[in-house]
1. Looking at segment B:311-367 only, could you name the residues that are open to solvent by less than 50 Å² (accessible area, probe 1.4 Å) and free of Cβ contacts under 8 Å to residues at least 40 places away in the same chain?
2. Take segment A:84-105 and flag every residue that is in contact with a Gly (Cβ under 7 Å, 6 or more places away or on another chain) and open to solvent by 30 Å² or more (accessible area, probe 1.4 Å).
3. Give just the number: which of (1) over 18 Å from the mean Cα position of the chain (by Cα); (2) loosely packed, with under 15 Cβ neighbours inside 10 Å does A:Lys126 not satisfy?
4. Look at A:Leu217 and say whether it is open to solvent by less than 40 Å² (accessible area, probe 1.4 Å), modelled with pLDDT of 95 or more, out of contact with any strand residue (DSSP E or B) (no Cβ under 7 Å at 6 or more places or on another chain) and not acidic (Asp, Glu).
5. Within segment A:288-309, count every residue that is buried (at least 23 other Cβ atoms within 10 Å of the Cβ), out of contact with any strand residue (DSSP E or B) (no Cβ under 7 Å at 6 or more places or on another chain) and in contact (Cβ under 8 Å) with a residue 60 or more places away in the chain.
6. Hey, among B:Arg159, B:Arg132, which residue is open to solvent by 60 Å² or more (accessible area, probe 1.4 Å), touching a residue at least 60 places away in the same chain (Cβ under 8 Å) and away from chain A (no Cβ under 13 Å)?
7. Can you find, within segment B:238-250, the residue that is modelled with the highest pLDDT among those that are open to solvent by 50 Å² or more (accessible area, probe 1.4 Å) and away from chain A (no Cβ under 14 Å)?
8. Are any residues in segment B:1-58 open to solvent by 10 Å² or more (accessible area, probe 1.4 Å), out of contact with any helix residue (DSSP H, G or I) (no Cβ under 8 Å at 6 or more places or on another chain) and at pLDDT 75 or above, and if so, which ones?
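The values are calculated or read from the model by the stated rules, or taken from the named source; none is laboratory data. As the structure is a computational prediction, the values presented were derived from the model and not from experiment. Virtual Cβ from ideal backbone geometry, glycine too; neighbours counted across all protein chains shown. The protein model used for the area step is the full one, side chains on, heavy atoms only, and it has no ligands, DNA or RNA in it. Shrake-Rupley method; radii C 1.70, N 1.55, O 1.52, S 1.80 Å.
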Amino acid sequence: MSGSAGGGRPTNPLSLKIVRRMFGRLSGPEQTLRRVRNTVRMQRGRPIQRTNVFVGNVRAKRKVGIYGFGGCDLTFLTGVGQLLQPRLDASLCIQRASAVHGARSDFVLQALDRVDGPVLDEVVDKLGLDPAAFTSTLFEPRFAVPDHNRLGTYPKDIVVLSVAADLSRTLYRHRTDGLLVDPGGWWLNADMTQVLGDLDRVKWFSATFKKLGKVSLDGYLDNLTRIVAELRSRTGAVVVVCNTLVVDPGAAAVDYQFANSPATVRRRQFAIGLRQTADAAGFLVLDVDRVTKATGISGQADFVHYTPDQKQALRREFMRLVERHTTLLGS
Amino acid sequence: MASVPVSNSDGSGGIVLTDSPDVIDSIGRPGLLASRSGEPVRVMVEPSVRSDVLVQRLGGGAVDIPPDVPVGAAAWLDAATASGIATAKVAAISLAAELADSVYRHRHSGVLFQVGDGDEPDAETERWLRERCEAVGPIDEDLTAANLARVVGVLGDTRLVVYNLSTYVPDGDDIDAAIAFGDRAQRLDLALATVAGEHSMVVVDADRIVAELGAGEHVIAPGRYSAEAASDISEEAVAQVDALGVLDPMASELSLLVIPRYDRRTTAGSITRWHKSAGDAVDPGDLLFDIAFGGLASRLGATKDVKMSNRVMTLGVVAAEAGHILHIAPTAEVSVGDRVAVIGVRPDLDPGTTDELTPHFRVGLRVMER
């Protein structure tokens, strides 16, 4: 395949570079070219690897699926395919779904507890949110490969979650309906001149929603326990939960206010809480904190964006968990 | 360590270090503290003990040493009952001490003491330990936090510097043990961070510093780091002690202006502009020179689709105290730690009389452009 050795980011072929030069990044022609290219690759028995999807050995009858649900800190996951697929007599699909603003535990549970309604339609419309974020996709037992429906669906043998969203995201609750919303997609991705220019929407949001703030540690662990129980009963998956690096990479040596940095304290609290809850709740912990520290954190932009070396180390640690705690590779 | 004066009786006006490897290998390196001060710094070393023993040690002489102590245990009891920390300006201890599981209590007197690592008690001492004492067992993190708070309360004007622990240890053949240690260290670091937020103490964040370098290569054992890591830890620890004002660099009439470190990416750069000339007076807050650090691509290499190979960050170096610039080195390409100017308390001093003990001129950093 056209990719860097060891599962790093694939290099772009000349045809893609030409299309990008002519039409710009992520244009319609680029996406068409990608689909065609992936189809040809699959017909030749080669794996597809993109940021969020890996599919390999599509001709095999047995299917193995790994489903990641979380933000940027889980981008290492699809690279596991390079390590795991050669050891499997099966077609492996690894997908990372969602984004950090759709992955906070209370928001995820909301999809199990409530049904669609007019308020949801209005909120989705006014905030420009993806309606799929409010569905219980995570808890469905199988998942499809994006853009390749004819490959059918894959089972969720392993589901990978992350603590990152619960560490950082703030939710808002609809004052009358109770609907939880993380408007990150709207505020972060929209043209701010457009957002600020539409003051009616801003006023509507302020009048309609109440800020919930960040989730407490106890609240998170209760939510996670329920999520894991639901996942195990509905999908039969082995559940892996990733912690994050707890310290701040690149912290200035002239900044000595360690004790006044509650974000690092919160991350430590959550890392400890995860470990203490894992056995009883029935999930495995992928100790991202340990792996990233061992590899070296000086190249990190922040605590959830990992360097290529760190991602490769995380893939090896994930493989260790697979070998030790699952039957995917035989007993 | 050998060249550092050892005392466990009186720390008056000096700096007391406990002999934990992370403390001694970094801030305890011979001459290091003196090089940042214009006058001799009195440094004393005491045995590193767990916080419950330390609380007892600082108890103000209320400890009655049991009369039945055998000769082989005398040093343990001495270390558990006498301390110069209370009269020192600064005391540096380490969370590594909390890992000790060799703390005992003398049943009759209730006195706590700690058996030193690697100590082999003779038969008499072993019998005394067995018959007259009981093992206390591992310490709980909450108790560590409570003990540290009590230590701060007892110390009064003495500033407490505490090294936290790298949560990484090499796994060898036992990954479970390594992970279990990581959890324990994580809880201890959290306890320290929490208590440090409520009580006046300084934390040396060894966990972060070692992780910046790569803990996989730089952690030898719990609380024991490579020479390179110890050097980086000492840089931060000395700066923190310096910031407490106990080193008094202006006791010397001359000081050296050196290239400061902003973070671990910025190791070499170019001076792009001097805002002062030789002969100029300097006041606190004056901009001295600009320095451009390049080669920052690795820091942002993890960010998708961003190529930062030409990225440059320009920092302004700002005076934190007053003086007169006596000499400016003509070089433009510099590295962190390079001496670029000599500053005197008066304009008529000879800048050529600096030596290894000449203190560093205090500066701050201001991000000018990134």
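1. B:Ala329
2. Within segment A:84-105, A:Arg96, A:Ser98, A:Ala99, A:Val100, A:His101 qualify.
3. Exception for A:Lys126: condition (2).
4. For A:Leu217, the condition - open to solvent by less than 40 Å² (accessible area, probe 1.4 Å), modelled with pLDDT of 95 or more, out of contact with any strand residue (DSSP E or B) (no Cβ under 7 Å at 6 or more places or on another chain) and not acidic (Asp, Glu) - is not met.
5. Total satisfying the criteria: 2.
6. None of the others qualify; the one that does is B:Arg132.
7. Here the answer is B:Asp248.
8. Once the filter is applied, which keeps residues that are open to solvent by 10 Å² or more (accessible area, probe 1.4 Å), out of contact with any helix residue (DSSP H, G or I) (no Cβ under 8 Å at 6 or more places or on another chain) and at pLDDT 75 or above, segment B:1-58 yields B:Asp19, B:Ile24, B:Pro30, B:Arg42.
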